[in-house]
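Take a look at the structure set out below.
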Amino acid sequence: MSYSIAIDGPAGAGKSTIAKLIAKKKGYIYIDTGAMYRAMALYFIEAGIGAEEQDKISAAVQDANVTITYENGEQNVWLNGRNVNGLIRTEKVSMMTSLTSANKAVREKLVELQRALAQKENVVMDGRDIGTCVLPNANVKVYLTASSHVRALRRYHELEQKGESCDLVEIEKDIIQRDKQDMSREISPLKQAEDAVPIDSSDMTIEEVADAIIALCK
Ligand code: DC
């Protein structure tokens, strides 16, 4: 039986960095489910579909084929045969993803893909509904948070390093709005699973958080 670590939490809590580090230390596969929702959102943007056009989104899901491959431990996300790794991290795609990931047809298709991946391999999977919906029997469940200010600062430094101009106040506003959307949607809202261990990463280093999660693995 494969082993699974589920890490849920709001945007910018450090989930992907920490999940990647744990996967490396334990030799597991890291599955970034947000990237799958992002690839799907990119498809809707490129098809000219608006976030409010829920019927069109539901119908278009069947034409958007999202697949995941791994090369040297790195996840590659493919949209209809095109590698979209470099296209899915913009603020525009982030906001569209937060809205279109509330769609039932989108979620059903991607949850199926995520479960199939976790069945084959030992995984560290991060997202919003991993412990509550995708892998309710995960061996370890963590709910990772950090204050919105710390999360905005992390994003700010990330963009600064890439040489992109950005505004800290705007970033924090966007983060708070996305949290609200992710937590208040009808299907699989972001919430802590009853059996998840809460960790606030605001004042912890990446290594400290990763080690705290590894310590939970039996
Ligand atoms: O983790 P992220 O920032 O890449 O996620 C992008 C968006 O996708 C986020 O607004 C919430 C959504 N998402 C989701 O609804 N369920 C998941 N399992 C992962 C992400």
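For this structure, a couple of remarks:
- Tyr30 surrounded by 14 or more Cβ atoms within 10 Å (Cβ to Cβ), of a type in the set (Ser, Thr, Tyr) and under 30 Å from Ala210 (Cα atoms): yes
- Candidate set from segment 124-163 (those that are part of a strand (DSSP E or B) and over 14 Å from the mean Cα position of the chain (by Cα)); member that is farthest from Ala215 (Cα to Cα): Lys141
- Taking (1) in a loop (DSSP other than H, G, I, E, B); (2) away from the ligand (no atom under 14 Å from the Cβ) in turn, Ala51 satisfies each apart from (2).
- Every residue from segment 13-27 that is in a loop (DSSP other than H, G, I, E, B) and either modelled with pLDDT of 95 or more or crowded, with 24+ Cβ neighbours inside 10 Å (or both): Ala13, Gly14
- Which listed residue, of Val93, Val77, is in contact with a Leu (Cβ under 7 Å, 6 or more places away or on another chain) and either part of a strand (DSSP E or B) or buried (at least 16 other Cβ atoms within 10 Å of the Cβ) (or both): Val93
- Consider segment 206-218 and keep the residues that are under 20 Å from the mean Cα position of the chain (by Cα) and within 15 Å of Ala146 (Cα to Cα). The one that is modelled with the lowest pLDDT is Ile206.
- Considering only residues in segment 1-12 that are in contact with a Lys or Arg (Cβ under 6 Å, 6 or more places away or on another chain) and assigned to a loop (DSSP other than H, G, I, E, B), the one that is surrounded by the most Cβ atoms within 10 Å (Cβ to Cβ) turns out to be Gly9.
- All of (1) of a type outside the set (Ser, Thr, Tyr); (2) within 15 Å of the ligand (Cβ to nearest atom); (3) closer than 27 Å to Ala138 by Cα hold for Trp78 with one exception: (2).
- Residue list for segment 198-218, filter: in a helix (DSSP H, G or I), among the aliphatic types (A, V, I, L, M) and surrounded by 14 or more Cβ atoms within 10 Å (Cβ to Cβ): Val209, Ala210, Ala212, Ile213, Ile214
- Of all residues in segment 164-197 being more than 13 Å from the ligand (Cβ to nearest atom), in contact (Cβ under 8 Å) with a residue 24 or more places away in the chain and not in a helix (DSSP H, G or I), the one that is nearest to Ala210 (Cα to Cα): Val197
- Ala39, sole failed condition from (1) surrounded by fewer than 24 Cβ atoms within 10 Å (Cβ to Cβ); (2) part of a helix (DSSP H, G or I); (3) within 13 Å of the ligand (Cβ to nearest atom): (1)
- All conditions but one from (1) closer than 22 Å to Leu159 by Cβ; (2) without any contact (Cβ under 8 Å) to a residue 60 or more places away in the chain apply to Ala146; the one that does not is (2).
- Search result, residues across segment 98-123 that are surrounded by 16 or more Cβ atoms within 10 Å (Cβ to Cβ), away from the ligand (no atom under 12 Å from the Cβ) and outside any helix (DSSP H, G or I): Asn122, Val123
- Segment 54-74: number of residues that are of a type in the set (A, V, I, L, M), under 10 Å from Ala39 (Cα atoms) and assigned to a strand (DSSP E or B): 1
- Any chance Gly86 is part of a helix (DSSP H, G or I), exposed (fewer than 13 other Cβ atoms within 10 Å of the Cβ) and among the small types (Gly, Ala, Ser): yes
The values are calculated or read from the model by the stated rules, or taken from the named source; none is laboratory data. Keep in mind that this is a model prediction, so the values were computed, not measured. Quick reminder, even Gly has a Cβ in these numbers, built from the backbone with ideal geometry, and neighbours come from all protein chains shown.
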